[in-house]
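A.B. asks: What follows is a structure written as structure tokens; I'll ask about it next.
The values are calculated or read from the model by the stated rules, or taken from the named source; none is laboratory data. Because the structure is predicted, anything quoted here is derived from the model rather than measured. Please note: Cβ atoms are built from the backbone with ideal geometry, for glycine as well, and neighbour counts cover all protein chains shown. Areas reflect the complete protein model, heavy atoms only, side chains present, ligands, DNA and RNA absent. Shrake-Rupley method; radii C 1.70, N 1.55, O 1.52, S 1.80 Å.
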2 protein chains.
Amino acid sequence: MSETIGARQAQRHKTRRALLDAALSLLEEQSLGSLGLREVTRVAGVTPTAFYRHFRDTEELGIALVDEALQSLHATVRSTLAASGEAAQRIDTTVDLMAELVREYPAHIRFIVRERHGGVRRVREAVSGQLDAFAREVAERLGADPLGAGWSADDLLMLARLYVDHMVMTVSAYLAAGPDDGEWAAVTRTARRQLRLIHAGRLHWPVGRARPEPDAL
Amino acid sequence: MSETIGARQAQRHKTRRALLDAALSLLEEQSLGSLGLREVTRVAGVTPTAFYRHFRDTEELGIALVDEALQSLHATVRSTLAASGEAAQRIDTTVDLMAELVREYPAHIRFIVRERHGGVRRVREAVSGQLDAFAREVAERLGADPLGAGWSADDLLMLARLYVDHMVMTVSAYLAAGPDDGEWAAVTRTARRQLRLIHAGRLHWPVGRARPEPDAL
DNA sequence: CAAAATAGGAGACAGTTGTGCACTGACTGC
DNA sequence: GCAGTCAGTGCACAACTGTCTCCTATTTTG
């Protein structure tokens with residue numbers, strides 16, 4: 001019924017995936033700049049020339065990986081942030097989500113964290129761009145929250161950036177911790193309390209001014 | 001009189017510096033993992049063989065760079081953090097210090113930020129280790145502050161980590177901003193306000209204790 | 001002042017890299 | 001059902017890499 005599949009495109013997509021997966025696994029122990037085209041094809045089980053049918057060079061492959069990683073991540077995080085409830089609960093849920101993401105897509109997340117400040121300009125810019133867009137979205141959501149009433153757009157973005165950066169630091173900490181250790185639990189504890197502290201600051205912002213809050217302390 | 005430097009050691013030290021500087025300049029546009037031994041010696045103006053007289057491989061050179069970068073940075077930051085005064089003023093001074101560091105040692109700082117999550121394990125661990133030690137020192141200082149009275153050691157470290165991570169994010173933002181732009185000023189503004197917000201949270205910590213939430217779920 | 005020490009250089013080695021070219025064989029639209 | 005498309009192969013090439021062994025020139029030392 002649907003001609004959308006096509007045995008040809010199926011094969012094409014399959015080797016493309018093989019290339020992406022090969023790169024992803026190799027990138028667990030090196031960075032994109034040192035990733036060789038041949039190296040990738042060797043692991044993927046295809047010849048070097050086949051690589052060119054999909055990507056001009058490893059840089060372009062990297063950009064594809066950025067899109068892939070941040071797209072799925074974006075969707076997941078967005079749906080979770082949309083949940084409402086009490087602040088403390090939302091903080092816990094968010095941190096748990098980070099942990100789950102790291103457990104489920106370690107390679108993707110490691111790649112993003114690594115290449116965010118990595119040596120390949122265009123990939124770095126791609127990551128920064130997506131993270132900026134994400135921060136803007138978070139800012140918008142913060143503005144919709146009753147707590148964000150009266151905040152300037154600038155302040156909202158400032159806070160959103162803090163949250164996003166903290167998110168990256170947290171997933172990075174999870175990655176550094178072995179999955180078995182109690183180190184993992186320590187990361188959770190620290191991340192939660194840091195978010196609670198930031199939240200406390202948020203309740204008393206701007207610093208000098210009194211908040212329209214029924215004496216929250 | 002003969003205990004002076006010695007012409008031989010002087011020459012040795014000179015080419016060692018040349019190697020480090022060459023690497024540092026090359027690392028502005030790539031990461032350590034892709035840094036070639038020959039590449040470094042070419043820029044340094046020596047032969048590949050001379051490299052071995054100083055470092056076993058580029059990894060070892062990287063570790064030397066970590067020490068060099070974080071040692072001077074550590075000293076500078078420590079002296080500035082030691083200054084006392086009003087909180088708002090100290091925040092401004094700290095952020096100004098970050099800006100100054102980036103302006104003065106851009107290559108060193110870029111290297112640290114990049115290799116913190118980079119592809120070379122031992123270098124990554126070296127950076128993390130130094131940053132952890134730095135965080136512990138900050139925690140100790142926070143504990144000495146009257147504001148830190150009554151905080152658990154765990155909470156102090158949690159806050160110190162937040163500060164150190166924020167510091168790294170800030171210098172990274174400065175690096176990404178062109179030195180001429182008004183972007184630079186924007187980074188300063190954002191960093192200051194983020195620190196003020198964290199400071200506000202610090203004043204109201206711990207959060208939930210003996211404090212009735214308005215409408216718990 | 002001669003002999004030992006040593007920072008650095010010359011050249012060569014095998015291995016790897018990215019990329020071009022001609023080719024094959026399966027799929028697909030007409 | 002046939003001709004064209006195209007994903008993937010095989011092979012070759014020059015360039016580059018890390019590392020080896022010898023060699024040179026200058027400093028140090030007894």
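A.B. asks: Picking from A:197, A:170, A:70, whose Cα lies most toward the positive end of the charge dipole for region A:59-203 (charges on Cβ: Lys, Arg +1; Asp, Glu -1)?
C.D. replies: Of the candidates, A:197 comes out farthest on the positive side.
A.B. asks: Using a 7 Å offset from Cα along the direction of the beta-carbon, what are the separations from residue A:137 to the same position in each other copy, nm, ascending?
C.D. replies: Relative to the other copies, residue A:137 has label-point distances of 4.0 nm.
A.B. asks: I need the phi-derived Karplus couplings for region A:39-45: 6.51 cos²θ - 1.76 cosθ + 1.60, θ = phi - 60°, integer Hz, Gly and Pro marked x.
C.D. replies: Once θ is set to phi - 60°, the couplings for region A:39-45 become 3, 5, 5, 4, 5, 6, x Hz.
A.B. asks: Kirkwood Rh and Cα-based Rg: tell me the resulting Rg over Rh for chain B, rounded to two decimals.
C.D. replies: Across chain B, the Cα-based Rg/Rh ratio is 1.07.
A.B. asks: Note the distances from residue A:86 to each other copy's matching label point, with points 7 Å along the Cα-to-beta-carbon direction, in nm, sorted shortest first.
C.D. replies: Relative to the other copies, residue A:86 has label-point distances of 3.8 nm.
A.B. asks: Give me the accessible area of residue A:67, 1.4 Å probe, in Å² rounded to the nearest 10.
C.D. replies: 70
A.B. asks: Using a 10 angstrom Cβ neighbour count of at most 13 plus a DSSP loop assignment to flag exposed trypsin sites (Lys or Arg not before Pro), which longest range of chain B is free of such sites?
C.D. replies: Working: sites that count: B:53, B:56, B:209.
Longest run free of exposed loop sites: B:57-208.
A.B. asks: Need the C-alpha centroid separation for region A:81-105 versus region B:156-194, integer Å.
C.D. replies: Centre-to-centre distance over Cα atoms comes out at 25 Å.
A.B. asks: Please check chain B for the longest run free of GluC sites (Glu not before Pro) that are loop-located per DSSP (anything but H, G, I, E, B) and have at most 14 other Cβ atoms within 10 Å. Could you put the intermediate results ahead of the total?
C.D. replies: Values: sites that count: B:3, B:28, B:29, B:86.
The segment B:87-217 is the longest one with no such site.
A.B. asks: Helix B:121-144 sits at what angle to the longest principal axis of chain B, using alpha carbons and giving 0 to 90 degrees rounded to 10?
C.D. replies: 40
A.B. asks: Here's something else I'd like to know. Could you work out the mean count of beta carbons from other protein chains within 10 Å of each residue's beta carbon in A:117-125?
C.D. replies: Mean partner-chain Cβ count within 10 Å for A:117-125: 5.
A.B. asks: In Å² (nearest 100), what accessible area is buried between B and A, both sides summed, heavy protein atoms only, 1.4 Å probe? Can you show the working numbers first?
C.D. replies: Working: alone 13310 and 12970 Å², together 22710 Å².
Protein heavy atoms only, the B-A interface buries about 3600 Å².
A.B. asks: Now a separate question. Rounded to the nearest 10 degrees, what's the angle between the helix B:87-104 long axis and the longest principal axis of chain B, both from Cα atoms, 0 to 90?
C.D. replies: It works out to around 20 degrees.
A.B. asks: Taking the label point as lying 7 angstrom from Cα along the Cα-to-Cβ axis, what are the distances from residue B:36 to the corresponding position in the remaining copies, in ascending order and in nanometres?
C.D. replies: 1.2
A.B. asks: Can you tell me the orientation of helix B:106-116 relative to chain B, as the angle in degrees between its alpha-carbon axis and the longest Cα principal axis, to the nearest 10?
C.D. replies: For B:106-116 against chain B, the angle is about 70 degrees.
A.B. asks: Compactness ratio of the protein assembly as shown: Cα Rg over 2.2 N^0.38 Å, N = residue count?
C.D. replies: Ratio of Rg to 2.2 N^0.38 Å for the protein assembly as shown: 1.08.
A.B. asks: Another question, then. Short version: ³J(HN,Hα) in whole Hz for each residue of region A:5-19, in order, from phi by Karplus 6.51 cos²θ - 1.76 cosθ + 1.60 (θ = phi - 60°), x for Gly and Pro, what are they?
C.D. replies: 5, x, 4, 5, 5, 5, 4, 4, 5, 5, 6, 4, 4, 4, 5
A.B. asks: Follow-up question, since we're still on this one. Could you go through region B:191-200 in sequence order and give the Karplus-derived ³J(HN,Hα) for each residue, using 6.51 cos²θ - 1.76 cosθ + 1.60 with θ = phi - 60°, rounded to whole Hz, and x for Gly and Pro?
C.D. replies: Calculated HN-Hα couplings, in order: 4, 4, 5, 5, 5, 5, 5, 4, 4, 4 Hz.
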